[in-house]
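J.: Below is one structure. I have some questions about it.
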Amino acid sequence: MATAADLAWLIPVLPLVGATIVGLGLISFGRTVSRLRQPAALLLTSTVGASTVMSLATLQEQMAGAPRHEQLFDWANAGTFHLQMGYCVDPLAAVMLVLVCAIALLVMIYSHGYMAHDQGYVRFFTYLALFSSSMLGLVVSPNLLQIYVFWELVGMCSYLLVGFWYERNGAAHAAQKAFVVNRVGDFGLLLGILGLFWASGQLDFHGVATGVEAAMAGGRLSQSVAVILCLLVFMGPMAKSAQFPLHVWLPDAMEGPTPISALIHAATMVAAGVFLVARLEPLYSLFPQVQFIIASIAALTCVLGASIALTQMDLKKGLAYSTVSQLGYMMLAMGCGATTAGMFHLVTHACFKAMLFLGSGSVIHAMEAMVGHEPVLAQDMRLMGGLRRKMPITAATFLIGCLAISGIPPLAGFWSKDEILGEALASSQLLWFVGWLTAGLTAFYMFRLYFLTFEGDFRGHDMALQNQLLTAAGNGDQEHHHHEPGDLRESSWSMTVPLLVLAVPSVFIGLLGVPWNSRFGALLNPHEAMVLMEEFSWSHFLPMAGASVAIAAVGMALAVVAYGLRRIELGTIVAQGLPRLNAFLANKWYLDAINERLFVRGSRRLARQVLEVDAKVVDGAVNLTGLLALGSGEGLKYLETGRAQFYALIVFGGVVGMVVLFSLQ
């Protein structure tokens, strides 16, 4: 009888089949298929649902102690050269399969309500299914080559979904930015993969590590070259998982529909980089200097994302910079050699951050009824407030997400974040301090988001503020004030049910990783989990946990005083007392401006110079060749008289000339 692992290849194939059927229908019979909204959505959602069921069965087998399952076939042969494809199932892959499928299924259900009135409804669901298939294929990939193939497919789907509303300039530019920045990282990843294959002769994860180690021991590969190859491979995760300085695409990607922000940019695609680093842990563990660089970049990313989130007034961009910061936590764990801790935070974060993004979508959906579909207004927290009374389910689940990401026990974020801080302290006190400080900043900006959105009085009727925000965004010429406001009310069941479902793991899933009995760690790495459980000490755990909860409590308390009770105008105080710091954070560390000046304008300037070289040098050389041919032809036509006596005279002159030339020698 076939096991779940034997049929795991169907998990990415089923959504692909559904996307192919509907996609071909859209291409061939666009208008007809676009009208079949519910049947198309039901088909695509059912394929992802079937993959979810199979993923749960696969995870159950792995939890029961099933061995690693791998099925390979030769994809290309040339003599002794073999390239293999296939799929593999192990505990890490099983966890990721369930995570991707579950979040994708909930997002599809949510999208039925959120995208109900969009003309591209069927196209949107097709893209969702195609992305799900690509991400699932990446998870079950047995080697670096196959991961790279699905890595690019995931990037393509991200481009399509970020630019889904391509008629908006912001969405089109955001998709281009995401594409270009990720190509930078992917180019490094490709070079690294080719270099590792050259060094080790292998492409599977353990084979690459053992091959590189053997090549170094045999003197065929220097350590410096090996370090460079490892860092080149890490460029891919740097871009995909939004690590400094390749993080700049993620906040702008919020121009896409909110369900995409929840699925791709909070829970799944951005986790692909963390997943790849976890897969390459046998390789990276050979080079402590590489791990130190990864941890340093991750620590900087933590602070960068959290500090910029302090000043954001756009609800989705505030959550986006929060995601950047949390991805920094995951990479920090990877750099400290704590793969299990990083993956545990990936799982917990996917649950509560997907819930937060879907909650923001519920808010934006309600705000559009009040202020129209202009994103500048519908997403700006300065026009929100008091929504808890109108949207109790959204507010309650958003509050749970804020508590979870702030690390308040016993919610999920506390256990995973505390485990990372403990591992960071074992590596470096400075890394621990950065993570600890970021925990306080996280609690502050998350409750700032909550209070500005759900508490106080509703500010959406302030027409002067609306016009001011439109003018600041460069849309002041739009007559938006003619919009007839609707009613603020809770979202439909298709949008609230996924919020309620995600609230459950946001509260309880962290209990699977309690340090004295980590069932999550026992699944991914039984030996490491056993050692950690044996070394567990309450005298060590309580001060660490107390310190992280204390800094989170300080951040929460400050947010309550400033934005809940409104006892102090913190924003005004910082703007007036520390104007340079406020401008630095408001301008996102000036990184976008630096990129604009160095790379965007620089590339355009280089392109203009190349164009001038092409016009003046290349075209000049071609034109000169033509002129020479024309001139020589014009001159030679006078020698073509057709008279035999003239030709004989030329021959006689040539002979005389040769005689004279040879006589001179």
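J.: To one decimal place, what orientation-averaged projected area in nm² is obtained for the convex hull of the Cα set of the range 349-486?
T.: Details: hull surface 38.5 nm².
Averaging across all directions leaves 9.6 nm² for the Cα convex hull.
J.: Follow-up. Give me the extension gain from Asp462 to Lys616: residue separation times 0.36 nm, minus the current Cα-Cα distance, reported in nm with one decimal. Numbers along the way, then the final one.
T.: Details: separation 154, 0.36 × 154 = 55.44 nm, distance 5.83 nm.
Here the segment from Asp462 to Lys616 would lengthen by 49.6 nm.
J.: Moving to a separate point now. Which is the longest run of the chain containing none of the GluC sites (Glu not before Pro) found in DSSP loop states (not H, G, I, E, B) with at most 12 other C-beta atoms within 10 Å? Can you show the working numbers first?
T.: Values: sites that count: Glu167, Glu479, Glu569, Glu640.
By the stated rule (loop sites, at most 12 other Cβ atoms within 10 Å), 168-478.
J.: Also: Taking the alpha carbon gyration tensor of the range 49-117, what are the square roots of 5 times its eigenvalues, largest first, to the nearest whole Å? Write down the numbers at each step before the final one.
T.: Numbers: eigenvalues 209, 74, 11 Å².
Each semi-axis is √(5λ); the values are 32, 19, 7 Å.
J.: Could you tell me the calculated FRET efficiency between Leu10 and Ala629, based on Cβ-Cβ distance and R0 = 56 angstrom, to the nearest 0.05? Write down the numbers at each step before the final one.
T.: Values: r = 65 Å, r/R0 = 1.17.
After rounding, the FRET efficiency stands at 0.30.
J.: Output the peptides 338-346, 121-129, 653-661, 25-33 sorted from most to least packed, where packing is the average of other Cβ atoms within 10 Å over each peptide's residues.
T.: On the way: 338-346: 26.9, 121-129: 24.1, 653-661: 9.8, 25-33: 12.8.
Highest-to-lowest ranking by the protection proxy: 338-346, 121-129, 25-33, 653-661.
J.: What residues of the range 415-450 lie in the reach of a label at Ile573, counting those whose backbone N is under 18 Å from a point 7 Å from the Cα along Cα→Cβ?
T.: 440-449
J.: In addition: Based on the alpha-carbon set only, what is the convex hull volume of the range 513-552 divided per residue, in Å³? Spell out each step's value before the answer.
T.: Numbers: hull volume 2.5 nm³, N = 40.
Each residue corresponds to 62 Å³ of Cα convex hull volume.
J.: Assuming R0 = 41 Å, can you tell me the calculated FRET efficiency for the pair Leu194 and Phe536, based on Cβ-Cβ distance, to the nearest 0.05? Display every interim value, and only then the final one.
T.: Values: r = 43 Å, r/R0 = 1.06.
Efficiency computed from Cβ-Cβ geometry: 0.40.
J.: Where Lys and Arg each count +1 and Asp and Glu each count -1, what net charge lies around Gln312 among other residues with Cβ under 12 Å from its Cβ?
T.: Details: positive: Lys316, Lys317, Arg382, Arg448, Lys588; negative: Asp314, Asp380.
Spelling it out: positives minus negatives among the neighbours equals +3.
J.: May I pose another question? The range 25-177: percent of C-alpha pairs farther apart than 22 Å? Intermediate values should be presented prior to the final figure.
T.: Values: 5986 of 11628 pairs.
More than 22 Å apart: 51 percent of the Cα pairs in the range 25-177.
J.: Next question. Under a 1.4 Å probe, what is the accessible area of the range 255-314 per residue, stated in Å²? Before the final figure, lay out each step's value.
T.: Working: 1110 Å² over 60 residues.
Ligands and nucleic acids excluded, the result is 19 Å² per residue.
J.: Treat each spin label as a single point 7 Å out from the Cα along the C-beta direction, and report the Leu430 to Val561 distance in nm.
T.: Once both label points are built, they end up 3.1 nm from each other.
J.: How high is the FRET efficiency between Ala607 and Asp74 when r is their beta carbon distance and R₀ equals 51 Å, given to the nearest 0.05? Numbers along the way, then the final one.
T.: Numbers: r = 43 Å, r/R0 = 0.85.
The value I calculate is 0.70.
J.: May I pose another question? Can you compute the equivalent ellipsoid semi-axes for the range 278-329, i.e. the square root of 5 times each eigenvalue of the Cα gyration tensor, sorted largest first and rounded to whole Å?
T.: Working: eigenvalues 168, 24, 4 Å².
Semi-axes from the Cα gyration tensor: 29, 11, 4 Å.
J.: Still on this structure, please answer the following. Provide, in order from the shortest bin, the percent of all Cα-Cα pairs of the range 439-567 in each 10 Å bin, continuing until the bin that contains the maximum pair distance.
T.: The percentages, shortest bin first, are 10, 19, 27, 22, 11, 9, 2.
J.: Could you give the distance between the Cα centres of the range 377-440 and the range 59-81, to the whole Å?
T.: 38
J.: Quick one: grab Rg to one decimal and Dmax as a whole number for the range 193-343, Cα atoms only, in Å.
T.: My reading of the Cα-based Rg and Dmax gives 16.6, 57 Å.
J.: Give me the Kirkwood hydrodynamic radius of the range 529-580, using the inverse of the mean 1/r over all pairs of distinct Cα atoms, in Å to one decimal. Write down the numbers at each step before the final one.
T.: Working: mean 1/r = 0.0716 Å⁻¹.
With all distinct Cα pairs of the range 529-580 included, I get 14.0 Å.
J.: Still on this structure, please answer the following. Counting each DSSP H run of 4 or more residues in the chain as -39500 (n - 2.57), what helix-only mean residue ellipticity at 222 nm follows after dividing by all residues, to the nearest 500 deg cm²/dmol? Working shown, then result.
T.: Numbers: 31 runs with 473 residues, N = 665.
-23500 deg cm²/dmol, from helical runs alone.
J.: Kirkwood Rh, Cα Rg: Rg to Rh for the range 352-402? Present the calculation step by step, with values, prior to reporting the outcome.
T.: Working: Rg = 10.6 Å, Rh = 11.0 Å.
So for the range 352-402, dividing Rg by the Kirkwood Rh gives 0.96.
J.: Can you tell me how the range 169-264 classifies by the Cα gyration tensor, rounded, prolate or oblate, using a/c under 1.5 as the rounded cut? Don't jump to the answer; show the numbers that get you there.
T.: Numbers: a/c = 3.72, a/b = 2.94, b/c = 1.26.
Prolate is the answer for the range 169-264, as a/c is 1.5 or above and a/b outweighs b/c.
J.: Something else about it: For the range 110-150, count the residues as N, evaluate 2.2 N^0.38 Å, and divide the Cα radius of gyration by that value, please.
T.: So the range 110-150 has a normalised radius of gyration of 1.55.
J.: So for the chain, Kirkwood radius off the Cα pairs, Stokes-Einstein at 37 °C and 0.692 mPa s: how many µm² s⁻¹?
T.: Using the Kirkwood radius from Cα pairs, D works out to 120 µm²/s.
J.: Please state, rounded to one decimal and in Å, the Kirkwood hydrodynamic radius that the range 100-226 gives when every pair of distinct Cα atoms enters the mean of 1/r. Mind showing how you got there, number by number?
T.: Working: mean 1/r = 0.0589 Å⁻¹.
17.0 Å is the Kirkwood radius here.
J.: Normalised by the number of residues in the range 111-263, what is the relative contact order in percent for Cα pairs under 8 Å and 6+ residues apart? Please report the intermediate quantities before stating the final value.
T.: Details: 176 pairs, mean separation 38.4, N = 153.
Once divided by the residue count of the range 111-263, the mean separation gives 25 percent.
J.: In what sequence, highest mean first, do 572-584, 507-519 appear when ranked by Cβ atoms within 10 angstrom? All intermediate terms of the calculation are to be shown ahead of the outcome.
T.: Values: 572-584: 12.2, 507-519: 18.3.
So the order, starting with the most tightly packed, is 507-519, 572-584.
J.: Right, here's the next one. Please report the spacing between the Cα centers of the range 98-113 and the range 123-172 in Å, no decimals.
T.: With the range 98-113 and the range 123-172 each reduced to a Cα centre, they are spaced 15 Å.
J.: Based on the mean of other Cβ atoms within 10 Å per residue, sort peptides 215-221, 242-248, 428-434, 6-12 so the most packed one is first.
T.: On the way: 215-221: 13.1, 242-248: 23.7, 428-434: 17.7, 6-12: 19.9.
Ranked by mean Cβ neighbours within 10 Å, highest first: 242-248, 6-12, 428-434, 215-221.
J.: Using a/c under 1.5 as the rounded threshold, could you call the range 511-637 rounded, prolate or oblate? The axes a ≥ b ≥ c are square roots of the C-alpha gyration tensor eigenvalues, and prolate needs a/b larger than b/c, oblate otherwise.
T.: Working: a/c = 7.24, a/b = 2.11, b/c = 3.42.
Note, shape of the range 511-637 comes out oblate.
J.: What area, in nm² and to one decimal, does the C-alpha convex hull of the range 327-420 cast on average over all directions? Please report the intermediate quantities before stating the final value.
T.: Numbers: hull surface 26.9 nm².
Projected area, direction-averaged: 6.7 nm².
J.: Quick check: pseudo-label points 7 Å beyond the Cα along Cα→Cβ at Asp118 and Ser663, how many nm apart are they?
T.: Distance between the two pseudo-spin positions: 9.4 nm.
J.: For the range 579-649, what % of the accessible area comes from carbon and sulfur atoms, probe 1.4 Å? Intermediate values should be presented prior to the final figure.
T.: On the way: 3870 of 5930 Å².
Here carbon and sulfur together make up 65 percent of the probe-accessible area.
J.: Taking the Cα-to-Cβ direction at His82 and at Leu36 and moving 7 Å from each Cα, how far apart do the two end points lie in nm?
T.: Distance between label points: 4.3 nm.
J.: Follow-up question, since we're still on this one. What whole number of Å gives the distance from the Cα centroid of the range 208-234 to the Cα centroid of the range 303-325?
T.: 37
J.: For the range 222-290, state what percent of all Cα-Cα pairs lands in each successive 10 Å bin, counting from 0 Å until the bin that includes the largest distance.
T.: 20, 44, 24, 11, 2
The values are calculated or read from the model by the stated rules, or taken from the named source; none is laboratory data. Everything quoted here is computed from the prediction, not taken from an experiment. Methodologically, a virtual Cβ is constructed for each residue, glycine included, from the backbone with ideal geometry; neighbour enumeration extends over all protein chains shown. Heads up: the accessible areas ignore ligands, DNA and RNA and are worked out on the full protein's heavy atoms, side chains in. Shrake-Rupley method; radii C 1.70, N 1.55, O 1.52, S 1.80 Å.
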